[in-house]
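Nothing in this text is a laboratory measurement; each read-out follows from the coordinates by a stated rule. Everything numeric here is computed off the predicted structure, so don't read it as measured data. Don't worry about glycine lacking a Cβ; one is built from the backbone with ideal geometry, like all the others, and counts go over all protein chains shown.
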Amino acid sequence: MNPEWIKMFQDLQADREYQREINKIIDQEFNKIKNEFIEEFMNHPITQEIKGGIAATNISGTLGGITNLYSFIGFDEGTDPIRPIEELLKKSNYRIIYNNKSVDATVIFDIPTAAQIFEITPMPWAIGRSWARGIETGISGLGYYLKKTKNSRSGLGVQSTTQQIRPGAAFRNSKYISDLINRFNKELKQLNKLNI
């Protein structure tokens with residue numbers, strides 16, 4: 001590129017008004033994608049079912065209608081397991097790096113990884129396991145699930161320790177966090193290709 005053009009672009013990038021305009025455009029687009037993503041997460045059948053607590057129906061289809069995810073996973077009655085994920089997603093942000101040598105700008109996105117979400121979604125009864133990961137990889141014990149309020153963590157059911165109640169009943173794995181985060185990343189990569 002012509003040295004005079006390079007100098008012109010470098011001067012433009014150093015201009016505060018230009019940077020404010022760039023920030024404004026990126027901010028609008030980023031927040032649009034971020035808000036759409038959070039809305040998609042909050043409306044996901046898995047999320048909706050867990051948010052519904054022990055009164056929810058098995059709209060995710062993961063349990064064959066035997067019970068709901070809130071009770072089966074065994075969340076403590078009255079807790080909101082979705083909130084930590086929602087709060088982490090809301091912290092998603094970005095920063096713009098201007099490169100004078102290549103006369104372009106790069107947007108660095110700071111969004112949670114699936115692994116980070118798995119870390120803040122512990123299984124209530126199994127240290128080191130994530131219920132959000134379990135949704136994708138499988139959660140055992142559905143055949144031993146017994147609807148019973150006494151001694152129930154969630155207030156709706158317990159796991160039988162003596163015999164299998166429903167032979168052949170199995171948890172149905174579902175796409176969830178990993179799939180959502182991958183699609184969020186793809187959307188943001190498109191944003192980085194904007195010609196401004």
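The table below gives the values:
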read-out	value
Contour minus Cα-Cα distance for residue 174 and residue 43 (0.36 nm per residue)	45.7 nm
Burial order of peptide ranges 116-124, 62-70 (average beta-carbon count within 10 Å, highest first)	62-70, 116-124
